[in-house]
Amino acid sequence: MTIHIRRLDSSSTDFHAQLSAVLAFEASADEAIERAVATILADVKARGDAAVLECTQRFDRLDVAGAASVAGLEIPQAELQAALDGLAPERRAALQTAAGRVRAYHLRQKQEIGSDGFSYTEPDGTVLGQKVTPLDRVGIYVPGGKAAYPSSVLMNAIPAKVAGVQEVIMVVPTPDGVKNPLVLAAAAIAGVDRVFTIGGAQAVAALAFGTATIPPVDKIVGPGNAYVAAAKRRVFGTVGIDMIAGPSEILIICDGSTDPDWIAMDLFSQAEHDELAQSILLCPDAAYIAQVEASINKLIDAMPRQDVIRTSLTQRGALVKVRDMEQACEIANLIAAEHLEISTENPQQWAAKVRHAGAMFLGRFSSESLGDYCAGPNHVLPTSRTARFSSPLGVYDFQKRSSLIQVSEAGAQTLGRVAAELAYGEGLQAHARSAEYRLQPGLK
């Protein structure tokens, strides 16, 4: 069955309206989900382990009868190591290579972003600066059930450890008690400190509020279903969160000289995530766009997840004819995609014109899938146009910054008068007097 993917032309008078319709996505809050999540959060906050155990038995069908606490759902480090040791050699090598590359990238990131802080001394002896410290404890949510995402373990846990987080607690649902050995092996490689087989809103609540068994964390990161997303949104403020992610996206800028089968498969790589994922191609060559469309229909029947891909491409995909590569970059900035492939000659030339993208994949051999698993940069990226103002998950997400202010006696004479004047202007007399107390007689 032919896939009828939307075709747009930037020369059309209503092009921007058509593009806006393609991009439109609003994660409408499901009232039933919101009510259920609110109830679960309140229950875990009030009853702790008992509520977590009941939810785990109810939703994941785990036999927790007679368990006094969530401690029985913790996976010991020896089991994580056994999972790693039990992997086929080639699978273990791939996981270790990916982890090594992710760790190396984030170590370099830590070095380059100035994680040691800074300070400088002014002529009057006043010292100003910034101290950078890691978060004490972080929780990472890893999807379970039918899905198994060892790459998510690496991308969330490794930068936290590189940042210096003292304790990383992982939660992963294991419906019917089925544990994925690759996920456990990834936890061992990433240095996760504790792993609990719980999931859903109850896991988010346990991490946010703490229970008798699970200590409260400072930040929760990692993807999850609608219940997890709603729970993260509600606990924000009690703890930090990484982001509320939308469906996955890929935008490809191509000059028409890449093998069309490659581009078709790259579009598939995001479309297979789920029916709401988005795959868009921008190209100035109409004949090439037709070749890509032919490749899509040639290759689709061999895809195990073809039904998901078909729905995604039909409902949210687009093949866009643009005036030229310059305009392609302008449209890319408007879309601000999660993943941007620039499949062209001299891709750096066009990358220089792009301001908004979660991650850029430059050149014909830089498939987005490499970034998902093993290139090194983080695959947790801003979606739904939030790349206009946010960044990939990184070492900086697991650190906080404190300002350092050490005012000298001489500095207090100058700054005190400035502060007092502004404080009087705001009607805050105590502020003004506090500054004036430090002034030497005759300067008040």
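Within the range 235-242, is there a residue that is surrounded by fewer than 21 Cβ atoms within 10 Å (Cβ to Cβ), without any contact (Cβ under 8 Å) to a residue 12 or more places away in the chain and outside the structural domain of Glu330 (by TED's automatic domain parsing)?
Checked against the condition, which is being surrounded by fewer than 21 Cβ atoms within 10 Å (Cβ to Cβ), without any contact (Cβ under 8 Å) to a residue 12 or more places away in the chain and outside the structural domain of Glu330 (by TED's automatic domain parsing), the range 235-242 yields at least one hit.
Does the range 378-398 include one or more residues that are more than 23 Å from Ile244 (Cβ to Cβ), out of contact with any Ser or Thr (no Cβ under 7 Å at 6 or more places or on another chain) and at pLDDT 95 or above?
No, there is no match, as no residue in the range 378-398 is more than 23 Å from Ile244 (Cβ to Cβ), out of contact with any Ser or Thr (no Cβ under 7 Å at 6 or more places or on another chain) and at pLDDT 95 or above.
For the range 403-430, which residues satisfy the criterion of being outside any helix (DSSP H, G or I), closer than 20 Å to Pro441 by Cα and among the polar types (S, T, N, Q)?
Ser408
Considering (1) in contact with a strand residue (DSSP E or B) (Cβ under 7 Å, 6 or more places away or on another chain); (2) in contact (Cβ under 8 Å) with a residue 40 or more places away in the chain; (3) assigned by TED's automatic domain parsing to the domain that holds Thr383, say which one Leu276 fails and leave the rest.
Tallying (1) in contact with a strand residue (DSSP E or B) (Cβ under 7 Å, 6 or more places away or on another chain); (2) in contact (Cβ under 8 Å) with a residue 40 or more places away in the chain; (3) assigned by TED's automatic domain parsing to the domain that holds Thr383, Leu276 fails exactly one: (1).
From Val204, Val132, Val192, Val183, which residue is in contact with a Gly (Cβ under 6 Å, 6 or more places away or on another chain), assigned by TED's automatic domain parsing to the domain that holds Ile75, touching a residue at least 40 places away in the same chain (Cβ under 8 Å) and within 30 Å of Ala375 (Cβ to Cβ)?
Criteria check complete, one pass: Val132.
With the structure loaded, tell me whether Ile40 is surrounded by 17 or more Cβ atoms within 10 Å (Cβ to Cβ), of a type outside the set (Lys, Arg) and in contact with a strand residue (DSSP E or B) (Cβ under 6 Å, 6 or more places away or on another chain) or whether it fails that test.
Spelling it out, it is not the case that Ile40 is surrounded by 17 or more Cβ atoms within 10 Å (Cβ to Cβ), of a type outside the set (Lys, Arg) and in contact with a strand residue (DSSP E or B) (Cβ under 6 Å, 6 or more places away or on another chain).
Among what's in the range 83-114 and is touching a Leu at 6+ places or on another chain (Cβ under 8 Å) and assigned to a helix (DSSP H, G or I), pick the residue that is surrounded by the most Cβ atoms within 10 Å (Cβ to Cβ).
Top of the filtered list is Val102.
Restricting to the range 50-81, what's the tally of residues that are on the phi < 0 side of the Ramachandran plot and in contact (Cβ under 8 Å) with a residue 60 or more places away in the chain?
So the count comes out to 18.
Give just the number: which of (1) part of a helix (DSSP H, G or I); (2) in contact with a Cys (Cβ under 9 Å, 6 or more places away or on another chain); (3) under 22 Å from Val22 (Cα atoms) does Gln291 not satisfy?
Evaluating Gln291 over (1) part of a helix (DSSP H, G or I); (2) in contact with a Cys (Cβ under 9 Å, 6 or more places away or on another chain); (3) under 22 Å from Val22 (Cα atoms) leaves (2) as the failure.
Could you go through the range 9-32 and let me know if any residue there is crowded, with 17+ Cβ neighbours inside 10 Å, outside the structural domain of Ala206 (by TED's automatic domain parsing) and among the hydroxyl-bearing types (Ser, Thr, Tyr).
Yes: the range 9-32 contains one or more residues that are crowded, with 17+ Cβ neighbours inside 10 Å, outside the structural domain of Ala206 (by TED's automatic domain parsing) and among the hydroxyl-bearing types (Ser, Thr, Tyr).
The values are calculated or read from the model by the stated rules, or taken from the named source; none is laboratory data. Since the structure is predicted, the reported quantities are computational estimates derived from the model, not experimental observations. Glycine gets a Cβ as well: all are built from the backbone with ideal geometry, and neighbour counts include every protein chain shown.
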